[in-house]
Amino acid sequence: MDLGFSFFFNSILLGIGLAMDAFSVSLANGLNEPAMKGHKMCGVAGIFAGFQFAMPMIGWFCVSTIAQYFKAFQPFIPWIALILLGYIGGSMLWEGIRNQDGEEEKPPVGLMGLLIQGVATSIDALSVGFTIATYDLFQALLACLLIGLVTFAICLGGLAIGKKAGTRLANKAGILGGAILLFIGLEIFVTNVF
């Protein structure tokens, strides 16, 4: 495959498709932390972009080397995403319900929570390794880099939208953010299992 228009166009479209879960989680994070500073927004988007870069690359590596083991792991991907997003979303939902009057300060999502969200929203991207299996190493790296860059931009947009809505929703933001994460976990599970 050459590095023509089709390669870049397909990689960007793949990035957009894969970034939708990360966008929704970024939206929820922005709702949960409306005072988030610009450098933290870049860090959050960077975590999601890093996972969206790494997971297809790991998938490509698995297809290129140990495909039989990866196929055995694939049925568990929706369950892992459901458990991880269910835990984070359930925690946010519980905190939002517990603090409906808005007096208690909401803690921002920490690094561990962001890493869990990153894994949960990108684990289905492992299967993208199958779609780019015909690429050589350079092409696979470039495609995954484009996916990561697209994810970064989309997640920054999600955080900005969430922050703006979060200041308007005030004490309901945690409930809405948690519900969004739970919905995403269920959506990943249902679309991949049924």
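Here is how the numbers come out for the structure above:
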{"quantity": "Test: residue in segment 171-181 that is at pLDDT below 70 and surrounded by fewer than 17 Cβ atoms within 10 Å (Cβ to Cβ)", "calculated": "yes"}
{"quantity": "Residue within segment 22-34 that is exposed (fewer than 15 other Cβ atoms within 10 Å of the Cβ), modelled with pLDDT under 85 and touching a Leu at 6+ places or on another chain (Cβ under 9 Å) present", "calculated": "no"}
{"quantity": "Filtered residues of segment 114-146 (kept if closer than 14 Å to Leu3 by Cβ and either among the β-branched types (Val, Ile, Thr) or not in a helix (DSSP H, G or I) (or both))", "calculated": "Ile132, Thr134, Tyr135, Asp136"}
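The values are calculated or read from the model by the stated rules, or taken from the named source; none is laboratory data. Since we're looking at a predicted model, the values are computed, not measured. Cβ: placed from backbone, ideal geometry, glycine included. Neighbour counts: every protein chain shown.
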